[in-house]
Amino acid sequence: MTIHPIVVRLGILAGILMFLGFGYFMYAMVHDMNRMTNAVVGMGGDVNSMSRDVRTMATKMQVMAKSMVEGQTAMSADLARMREGMESMGQKIASMSQDMHGLHVNIATMTDAIGVMNQSMLQMNRSMAVMTGEIGHMGGDINKFTRPESIMMPFMR
């Protein structure tokens with residue numbers, strides 16, 4: 001059995017096309033593998049950079065946490081002092097309020113006493129006026145008694 005030369009040529013052509021197709025497939029696969037390898041290497045660099053960034057961030061977060069604890073301790077002490085100051089101020093305000101009430105009572109008492117004193121002064125002024133009038137009359141009477149002739153002879157003046 002002899003194979004027809006066209007079949008042989010078609011077979012060779014098919015073999016060449018398969019060889020070229022397989023070669024192109026291998027080339028494309030190598031090219032894709034190279035790109036994938038480069039991408040994996042790039043990802044490795046990115047992961048390495050990310051790892052450094054995370055370590056740096058963790059260190060900074062530790063410093064921040066320590067600062068927050070220290071700040072919270074200091075702030076708690078400040079708030080305690082502020083609370084003590086507010087309590088003291090509240091006590092002093094209550095004491096001042098009592099003192100102001102006492103002052104009000106004293107001023108009211110003093111106002112009442114001044115009112116009584118004014119009434120007494122008014123009464124004393126009236127009494128002094130009456131007394132001055134009486135002394136004036138008494139002076140006239142004394143004058144009459146010291147000069148009896150004026151009583152006996154009222155027209156001689």
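Would you confirm whether any residue within segment 121-138 is among the hydrophobic types (A, V, I, L, M, F, W, C), outside any helix (DSSP H, G or I) and either loosely packed, with under 10 Cβ neighbours inside 10 Å or at pLDDT below 90 (or both)?
As a first pass, look at segment 121-138 and keep what is among the hydrophobic types (A, V, I, L, M, F, W, C): 121-122, 124, 128-131, 135, 138.
From what's left, outside any helix (DSSP H, G or I): none.
Checking segment 121-138: not a single residue is among the hydrophobic types (A, V, I, L, M, F, W, C), outside any helix (DSSP H, G or I) and either loosely packed, with under 10 Cβ neighbours inside 10 Å or at pLDDT below 90 (or both).
Of all residue pairs spaced 6 or more apart or on separate chains, none has beta-carbon atoms under 7 Å together with a first member in segment 44-62 that is surrounded by 10 or more Cβ atoms within 10 Å (Cβ to Cβ) and a second member that is of a type in the set (Val, Ile, Thr).
The values are calculated or read from the model by the stated rules, or taken from the named source; none is laboratory data. Predicted, not measured: the structure shown is a model, and the values here were computed from it. FYI the Cβ positions are ideal-geometry reconstructions off the backbone, even for glycines, and counts take in every protein chain you see.
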